[in-house]
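The values are calculated or read from the model by the stated rules, or taken from the named source; none is laboratory data. Here the structure is a predicted model, which means the values were calculated and not measured. Counting neighbours? That spans all protein chains shown, and the Cβs are built from the backbone with ideal geometry, glycine included. SASA here: full protein model, heavy atoms, side chains in, ligands and nucleic acids out. Shrake-Rupley method; radii C 1.70, N 1.55, O 1.52, S 1.80 Å.
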Amino acid sequence: FRQWQSSDHTNMTQDELLKIMTDYGRAWETQDPDLLCSLFTEDGTYQVTPFDAPHKGQAALRSYWERMPVADQRDIKFTLGVCNAVGSTGYAEWITNFFQVSGRCNVEIRGIIILEVEHGKISELRKFLERRISRP
């Protein structure tokens, strides 16, 4: 949770948000940590749920991405929903489906991402999500 504060970050257009979110979805589907890291500032943060501590910086982002999507998810399908950019903040609705190797189950996640950008890169990404698990 972050209290509202005025931002001196650059404004983001709707097209910039759509590009960021499309590339984020492609990084997830292709399990590409290089693409994911290219979307973030050097000290960018990635918070998986509101109750998790954020992963901070390129090394932490890469480590998380290699542990989760790369090592533990297969047949990933990312679908982008409604997106809106307001100032330097982006809001995006999304759905992801995949097979989780460790749990040997199908997972559907529906969520909202709130992200902040600085000069076209994500400085902060917070996810709010709900998941549904089913056994094959």
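Just to be sure I understand: with springs between alpha-carbon atoms less than 10 Å apart, which residue in Leu35, Leu17, Leu61 has the highest mean-square fluctuation in the Gaussian network model of the chain?
Of Leu35, Leu17, Leu61, the Gaussian network model singles out Leu35 as fluctuating most.
Among Met12, Ser134, Thr41, whose Cα lies farthest out toward the positive end of the dipole of the chain, if unit charges sit on the beta carbon of Lys, Arg (+1) and Asp, Glu (-1)?
Ser134
Give the accessible surface of the chain per residue, rounded to a whole number of Å², with probe radius 1.4 Å and ligands, DNA and RNA excluded. The partial results should precede the final answer.
Numbers: 7740 Å² over 136 residues.
On a per-residue basis, the chain sits at 57 Å².
With +1 on the Cβ of every Lys and Arg and -1 on the Cβ of every Asp and Glu, and nothing else charged, how large is the dipole of the chain about its Cα centre, in debye rounded to the nearest 20? Before the final figure, lay out each step's value.
On the way: 16 positive and 19 negative charges, 132 e Å.
Here the size comes out at about 640 debye.
Once phi is turned into θ = phi - 60°, what whole-Hz ³J(HN,Hα) does the Karplus curve with 6.51, -1.76 and 1.60 give for every residue of the range 15-22, x standing for Gly and Pro?
4, 5, 5, 4, 5, 4, 5, 5
Using the alpha carbon gyration tensor of the range 34-136, what are the three equivalent-ellipsoid semi-axes (square root of 5 times each eigenvalue), largest first, in whole Å?
Equivalent-ellipsoid dimensions as semi-axes: 24, 17, 11 Å.
Calculate the all-directions average of the projected area of the range 86-136's alpha-carbon convex hull, and give it in nm². It would help to have the intermediate numbers written out before the result.
Values: hull surface 16.8 nm².
Mean projected area for the range 86-136: 4.2 nm², to one decimal.
At 222 nm, what helix-only mean residue ellipticity would the chain give, in deg cm²/dmol to the nearest 500, using -39500 (n - 2.57) for each DSSP H run of four or more? Please list the in-between numbers first.
Values: 3 runs with 30 residues, N = 136.
Estimated from H runs of four or more residues: -6500 deg cm²/dmol.
Taking a quarter of the surface of the Cα convex hull of the range 1-92, what do you get in nm²?
Working: hull surface 25.8 nm².
Answer in nm², one decimal: 6.4.
If I compute solvent accessible area with a 1.4 Å probe over the protein chains, what percent of it on the chain is carbon and sulfur?
Numbers: 4020 of 7740 Å².
Within the chain, the accessible surface is 52 percent carbon and sulfur.
Once the principal axes of the Cα atoms of the range 60-110 are found, what is the range along each, listed largest first in whole angstroms?
The Cα atoms of the range 60-110 stretch 40, 25, 13 Å along their principal axes.
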